[in-house]
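Report on the structure given below.
The values are calculated or read from the model by the stated rules, or taken from the named source; none is laboratory data. Owing to the predicted nature of the structure, the values given are computational and were not obtained by experimental measurement. Heads up, the Cβs are rebuilt from the backbone with ideal geometry, glycines too, and the neighbour counts pull from every protein chain shown.
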Amino acid sequence: MKILWAPWRSEYIKKVDEERECFLCRALKVDEREGLVLLKGKRAFVILNKYPYNNGHVMVAPKKHLSDYLLLDQESVLEIHKLTQISLKVLKEVYSPHGFNLGYNLGRVAGAGLETHLHLHIVPRWNGDTNFMPVLSKTKVISFSLEKTYKDLKEAFKRWEGSL
Ligand SMILES: [Zn+2]
């Protein structure tokens, strides 16, 4: 993955170390909007990344708190893939990106901020976005656009509720 300049990521890494409760597990317990949850399936869910690499950066994670991909049951693997397809459809529809980066970071050495709860990153990409990113470095700009992003995506994800 090409490195995007995302200074708020270091704040995120620090926060994850400090927080005792896993934010993915927490997101399932609190109000959907507060947890930034976009779609819940039976075994997995889609969540908006609070510290995005790019606008519309979502993650797909199993509901079960586990770190080892090899321990995922087949139903969960399938549902994560279904949710990934839905996410790609929704992101294409809402933001018309030119491409996507998809991937897991397994282990801190691979860049995982949260290494105890497996999650698949889906990052929309636009031509020239690596040049555009520094413009978005102010926290205020990000938190505003995060709210708007959640609202726009939630609306589009709603149609897929109950489809899994
Ligand atoms: Zn967890």
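Pairs only if they're at least six apart or on different chains, beta carbon under 8 angstrom, first in the stretch 15-38 and among the basic types (Lys, Arg), second within 15 Å of the ligand (Cβ to nearest atom) and modelled with pLDDT of 95 or more; list them, first residue then second.
Between residues of the stretch 15-38 that are among the basic types (Lys, Arg) and residues that are within 15 Å of the ligand (Cβ to nearest atom) and modelled with pLDDT of 95 or more, the close pairs are Arg26/Gly35; Lys29/Gly35.
Of the residues Val109, Val94, Val90, only one is surrounded by fewer than 18 Cβ atoms within 10 Å (Cβ to Cβ) and at pLDDT 95 or above; which?
Within the list Val109, Val94, Val90, the selection yields Val94.
Given the conditions (1) within 18 Å of Leu28 (Cβ to Cβ); (2) under 15 Å from the mean Cα position of the chain (by Cα), which single one is not true for Glu79?
If we test Glu79 against (1) within 18 Å of Leu28 (Cβ to Cβ); (2) under 15 Å from the mean Cα position of the chain (by Cα), just (2) comes out false.
Just checking: which of the helices (runs of 4 or more DSSP H) contained wholly in the stretch 12-124 hold 2 or more residues that are in contact with a helix residue (DSSP H, G or I) (Cβ under 9 Å, 6 or more places away or on another chain) and away from the ligand (no atom under 16 Å from the Cβ)?
Hits in the stretch 12-124: 32-35, 74-95.
Can you tell me how many residues within the stretch 112-132 are exposed (fewer than 14 other Cβ atoms within 10 Å of the Cβ) and among the small types (Gly, Ala, Ser)?
Total meeting the criteria: 1.
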